[in-house]
1. Tally up the residues in segment 357-382 that are farther than 30 Å from Leu72 by Cβ and charged (D, E, K, R), please.
2. Take segment 241-254 and flag every residue that is more than 20 Å from Gly221 (Cα to Cα) and either part of a loop (DSSP other than H, G, I, E, B) or touching a residue at least 60 places away in the same chain (Cβ under 8 Å) (or both).
3. Among the candidates Ala211, Ala163, which residue alone is of a type in the set (Gly, Ala, Ser), over 20 Å from Lys277 (Cα atoms) and surrounded by 15 or more Cβ atoms within 10 Å (Cβ to Cβ)?
4. Considering only residues that are over 22 Å from Leu217 (Cβ atoms) and in contact (Cβ under 8 Å) with a residue 12 or more places away in the chain, which ones fall in segment 350-368?
5. Out of (1) in the same structural domain as Ala125 (by TED's automatic domain parsing); (2) under 21 Å from Val391 (Cβ atoms); (3) in a loop (DSSP other than H, G, I, E, B), the odd one out for Val319 is which?
6. Could you tell me how many of the residues in segment 108-147 are within 16 Å of the ligand (Cβ to nearest atom) and hydroxyl-bearing (Ser, Thr, Tyr)?
7. For segment 217-240, give me each residue that is in contact (Cβ under 8 Å) with a residue 60 or more places away in the chain and not in a strand (DSSP E or B).
8. Do we have Arg340 as touching a helix residue (DSSP H, G or I) at 6+ places or on another chain (Cβ under 9 Å), among the charged types (D, E, K, R) and within 24 Å of Glu264 (Cα to Cα) here?
Amino acid sequence: MSIEALVENPSSPAESTSPASAPYDPTEFDASVMGTYGRFPIALERGKGCHVWDTEGQQYLDFVAGIATCTLGHAHPALVEAVTKQIQTLHHVSNLYYIPQQGELAKWIIDHSCADRVFFCNSGAEANEGAIKLARKYSHKVLEIEKPVILTAKASFHGRTLATITATGQPKYHKNFDPLVPGFQYIPYNDIEALENAIADLDEGNQRVGAIIMEPLQGEGGVRPGELEYFLKLRKMCDDTGILLILDEVQVGVGRTGKYWGYEHLGIEPDVFTSAKGLAGGIPIGALMCKKFCDIFEPGEHASTFGGNPFACAAALAVNQTLEQENLLHNVQQRGEQLRTRLRAIALKYPDIFVEVRGWGLINGMELNADIDLTAVDVVKAAMAERLLLVPAGPKVVRFVPPLIVSAEEVDEAAQILERAVEKFAL
Ligand SMILES: *Cc1c(COP(=O)(O)O)cnc(C)c1O
């Protein structure tokens, strides 16, 4: 099929396969793939916009979007066209050479953020690893700290590599993987006093705080927005001391919250920040941005074979240009308001089940009553039975992260489905 035909009818390749109707048999899969995930018993084989279809031909409304990743939904013509053209031209070359798409994407990010320089990699964890390395070198070279400490928040999530699980302030991610990476300490999120105490307590001899890493809104930790007052204070403390402020924008960056970056909700700019999930709409990419001390890495000190290749960068450029051209930030704000209003009405109707609805733009969470047995997974399963895909954020929070192109009708439909699913749990 030609590019032109593919672009005009992007979902035709999947549609042209014979209509499936068999449930997916996971026997071989489970015998071949490491069991690192608890999986729901469906296999998805096709998507269009905010909908996906499983191997039985069953349609689902997708409010997971690959976990806050498929910014433009599925099979968006702009993304299909960009990756199709790029793979037919040049999909990968080494960073030994100049990659124009990488330069163009970096320029785009710089023009749409506080960043002055960008480094590209392939995932959120890898971007955070880069930020941690940058923080360590900055602490040694600029702050002249012999044993630098990075402060990180309890209930945070920063990835699954050894350094990023250490940065993750949740013991369940550490279990069985010790010894962890030295040089991290945990403080409660949104707690100014604890922050001040930690910085003061650590200021002794050759050990001091060199950097702080925080999510603007904690995603995996239960959809907990950062508080303005806290982040203003955090920024001021970093300015006064030279401590590097790193924000992990992996889940909330690139329009997810109704602003381009999560930090825009908090009245501050970070020194360093990271992006990944939504940046290329589902094509693997990660990015490390810095505003200060951008020349801290010398050639050879940090690298990635795949990082910023033409394919991933062409995808990210298409996603970001579409965000702007289709004014999707406005859609995210409107649909977010609509969704929270609907979810709050459901929470009010079932006060024994739900305690709170919170979020920014199109990252929202419904917290379940801690005193009842019902878990987020129970609600996700019930919604899936009604053909709505949702994802837990911790044991007691149900997360809603649809594609940023979601329509008013789709938000309405999701709320109706959720209400049907929840009725079953009403006492
Ligand atoms: C998902 C996530 C990561 C890890 O990203 P991967 O691409 O899975 O490595 C890091 N930080 C935050 C805030 C995330 O949500």
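The values are calculated or read from the model by the stated rules, or taken from the named source; none is laboratory data. The shown structure was predicted, so the numbers you read here are calculated from the model rather than taken from an experiment. In this analysis, Cβ positions are derived from the backbone assuming ideal geometry, glycine residues included, and neighbour counts consider all displayed protein chains.
1. So the count comes out to 3.
2. Of everything in segment 241-254, those that are more than 20 Å from Gly221 (Cα to Cα) and either part of a loop (DSSP other than H, G, I, E, B) or touching a residue at least 60 places away in the same chain (Cβ under 8 Å) (or both) turn out to be Gly242, Ile243, Leu244.
3. Ala211
4. Of everything in segment 350-368, those that are over 22 Å from Leu217 (Cβ atoms) and in contact (Cβ under 8 Å) with a residue 12 or more places away in the chain turn out to be Tyr350, Asp352, Ile353.
5. (3)
6. Qualifying residue count, segment 108-147: 1.
7. Those that are in contact (Cβ under 8 Å) with a residue 60 or more places away in the chain and not in a strand (DSSP E or B): Gly219, Glu220, Gly221, Gly222, Val223.
8. Numbers: touching a helix residue (DSSP H, G or I) at 6+ places or on another chain (Cβ under 9 Å): no; among the charged types (D, E, K, R): yes; within 24 Å of Glu264 (Cα to Cα): yes.
No.
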